[in-house]
Amino acid sequence: MPRILAIDYGQKRTGIAVTDEMQIIASGLTTVPTHTLIDFLKNYFEKEKVEAVLIGEPKQMNGQPSQSASIIKGFATHFSNIFPEMKVVRVDERFTSKMAFQTMIDSGLNKKQRQNKALIDEISATILLQDYLRQK
């Protein structure tokens, strides 16, 4: 069975998570500099079968798009143009960064480790993916 990949897109870096082949468990894959994201994905898609890509959809508390929504929408369009055969699912990403930070605290990471923004992005992507799997 193909994997599902989740992207927590950011202007500087992007967190990526992926399921196992049975689509049961979401795991953090990596965080990449955003300017290398498309090349990373091309390489990954050559090696692994991926059924769908989740892209976070940032919203405010009232459900309206956040300031970064237009940037991420632009990326989603660009992604679909480069990978037209790939199913794209937009998912609400409210609170994922806060949940990622709390996960780091709960895991016992010290203050210096919790300042690793790349790790926060990767954990955020994992939370997006795990929530999607739970709802599926």
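Taken together, the values in this text are just the output of simple stated rules run on the coordinates, not laboratory data. Bear in mind the structure is a predicted one, so any value in this text is a computation, not a measurement.
What is the set of long-range amide H partners of Ile25 at a cut-off below 5 Å, with H atoms built 1.01 Å from backbone N?
Asp20
Which of the aspartates and glutamates could a cross-linker bridge to Lys73, judged by Cα under 15 Å and excluding same-chain residues fewer than eight apart?
The qualifying aspartates and glutamates are Asp8, Glu57, Asp92, Glu93.
May I ask which of Lys49/Lys136; Lys87/Lys117; Lys12/Lys42; Lys47/Lys117 have a Cα-Cα span longer than 23 Å here?
Lys87/Lys117; Lys47/Lys117
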